[in-house]
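Here's the structure we're looking at; comments come further down.
The values are calculated or read from the model by the stated rules, or taken from the named source; none is laboratory data. This structure is a prediction, so every number in the text was calculated from the model and none was measured. Please note: Cβ atoms are built from the backbone with ideal geometry, for glycine as well, and neighbour counts cover all protein chains shown.
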């Protein structure tokens, strides 16, 4: 059935599950921000030391206009199978973004008699509770000591940087930086033509790898925990190494 809303999960359109499925509405729960505060000595007020967003919630309302109660239940089970896989959620009112979700509440037919009643399925995003740009924003630096600036889109406070560094010559020390954050690797041996990848897994854990070999143990104690860019602003990026490298910085803007 034709709807003004298009919803896709893990590459499969919801409307294609059954020709009698009609998407009625898409609802977004306003973000709940938790602030950690510290009192100010001898003064009223407080200092916000951390802002924390736990989850993003999306509710899809739909109808199964099927009079046969057994067939309607069967199609509902197909929707549940589709939803429980979770994954990359794309909705046409945010066509350039996606949200990585799990199914929080699968649909259920509460009344077999009321075959026109609306059903709902609820998705939540925890590991990255933000909509992410489909389009990657990139910037490349070349040399032993190179610096530049790039605008990183988004309405969230921050996003992480992924960096690919290719050695033009053998490299034994390397620093990559974004804004006020940086990571220095020492005691490494990267042959000419090989690469080091700084990236994050699906749970936002930092990885630093040369091919399949982890270089996390080569990170200096003074290094930042993460490579962080501020969304909606210009960010300084830089690279330093003992020999020439090509460093490509990749960002996905995060949106509320």
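Brief remarks follow.
- Among the residues of region 107-127, some residue qualifies, meaning at least one is in contact with a helix residue (DSSP H, G or I) (Cβ under 6 Å, 6 or more places away or on another chain), modelled with pLDDT of 95 or more, part of a loop (DSSP other than H, G, I, E, B) and under 22 Å from residue 4 (Cα atoms).
- Residues considered: 25, 35. Of these, the only one that is assigned to a strand (DSSP E or B) and either surrounded by 14 or more Cβ atoms within 10 Å (Cβ to Cβ) or at pLDDT 95 or above (or both) is 25.
- Any pair with Cβ under 8 angstrom, 6 or more apart, that starts in region 1-14 at a residue that is assigned by TED's automatic domain parsing to the domain that holds residue 60 and without any contact (Cβ under 8 Å) to a residue 12 or more places away in the chain and ends at one that is buried (at least 16 other Cβ atoms within 10 Å of the Cβ) and not in a loop (DSSP other than H, G, I, E, B): 13/7
- Each residue in region 237-256 was checked for being within 18 Å of residue 156 (Cα to Cα) and assigned to a strand (DSSP E or B), and 4 of them qualify.
- From 217, 212, residue being loosely packed, with under 12 Cβ neighbours inside 10 Å and modelled with pLDDT under 95: 212
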